[in-house]
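Below is one structure; the comments refer to it alone.
Bear in mind these aren't lab numbers, they're just calculated from the coordinates by the rules spelled out. Everything numeric here is computed off the predicted structure, so don't read it as measured data. Positions of Cβ are backbone-derived with ideal geometry, glycine not excepted, and every protein chain shown enters the neighbour counts.
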Amino acid sequence: MCKSCGMIYTASNPEDELQHVQHHHRFLEGIKYPGWKKERVVAEFWDGKIVLVLPHDPSYAIKKVEDVQELVDSELGFQQVVPRCPDKTKTFLFISDEKKVVGCLIAEPIKQAFRVLSEPTGAESPSSKECHRAWQCSNVPVPAVCGISRIWVFRLKRRKRIARRLVDTLRNRFMFGCFLSIDEIAFSDPTPDGKLFATKYCNT
Ligand code: ACO
Ligand code: ZN
């Protein structure tokens, strides 16, 4: 396992080594975003902007999203997850002033979600961060509109409200002409970081 980027690979396998070099670089340096002529800027801030990418966008945009998703998934330890309806997936990229992709949110339409049940020990208990994804969900579905399948911020840019701004922008842009309420959005299988963020964002 590489001590800097965390990737597990076989050092004697050239294919594995190449993959590692790529991941290592992206993990430490981030992913560059040179800028596109026809980009869909959906929000602008003092420290960057948010660009929306849709499934039928030009291949350079799709390729960029795939690169980001690859980095995010390997950081999250996800296996290749095929989105349920790739035709309706919306990807929001937060681009920093240094022209790097420093945040990513991937959302898809859903019909229902399941509430996380509060832990008997309390969310503040010191063990809650260690018991990785061990929380329980209610088995009673509640209606929902938008599922966040991934949310990620570059490790050096965390706690600067980038995730918060991505979700605000998603709520504004997911459905034409309406601002989604917090009850209408859901997070898929959150990580400990994801759960801390979602708890704070949703005030639950
Ligand atoms: N610990 C405690 N509270 C947190 C944390 C954390 N790690 N992250 C966010 N919060 C809370 C804080 O209250 C924060 O406000 P504050 O800084 O004023 O106290 C508030 O949420 C807003 O946080 P942001 O700054 O908007 O969040 P950030 O940009 O740092 O991104 C994220 C949060 C996306 C979870 C980031 O930590 C990350 O990328 N982690 C690794 C990837 C990951 O685990 N993603 C979630 C996967 S689950 C899913 O994709 C559905
Ligand atoms: Zn490495």
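Table for the structure above
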{"read-out": "Peptides ranked, highest mean first, by Cβ atoms within 10 Å: ranges 7-14, 142-149", "value": "142-149, 7-14"}
{"read-out": "Sorted by Cβ neighbour density within 10 Å, fewest at the top, the residues W152, W36", "value": "W36, W152"}
{"read-out": "Cut-off 14 Å between beta-carbons: net charge of the residues surrounding G35, Lys and Arg +1, Asp and Glu -1", "value": "+4"}
{"read-out": "Zone of F176's modelled label, taken as backbone nitrogen in the range 18-60 under 12 Å from a point 7 Å along Cα→Cβ", "value": "none"}
{"read-out": "H25-W135 FRET efficiency (beta carbon distance; Förster radius 30 Å; 0.05 resolution)", "value": "0.30"}
{"read-out": "Full-extension gain in nm, S12 to D73, via 0.36 nm per residue minus C-alpha separation", "value": "19.6 nm"}
{"read-out": "The chain, dipole about Cα centre (Lys/Arg Cβ +1, Asp/Glu Cβ -1), debye to the nearest 20", "value": "660 debye"}
{"read-out": "Extension gain from K3 to K63, taking 0.36 nm per residue of separation minus the Cα-Cα distance", "value": "18.8 nm"}
{"read-out": "Cα centroid of the range 85-116 to Cα centroid of the range 181-199, whole Å", "value": "13 Å"}
{"read-out": "Intensity falloff of the chain expressed as log10 I(q)/I(0), Debye formula with alpha-carbon point scatterers, at q = 0.14, 0.15, 0.16, 0.18 Å⁻¹", "value": "-0.90, -1.03, -1.16, -1.40"}
{"read-out": "The chain, helix-only ellipticity at 222 nm - DSSP H runs n ≥ 4, -39,500 (n - 2.57), divided by all residues, nearest 500", "value": "-9000 deg cm²/dmol"}
{"read-out": "Stretchable slack from K32 to K160, in nm (0.36 nm times residue separation minus alpha-carbon distance)", "value": "44.1 nm"}
{"read-out": "Per-pair calculated FRET efficiency, R0 = 30 Å: D97 and L117 via Cβ, rounded to 0.05", "value": "0.15"}
{"read-out": "Exposure proxy order (Cβ contacts within 10 Å, fewest to most) of K63, K49", "value": "K63, K49"}
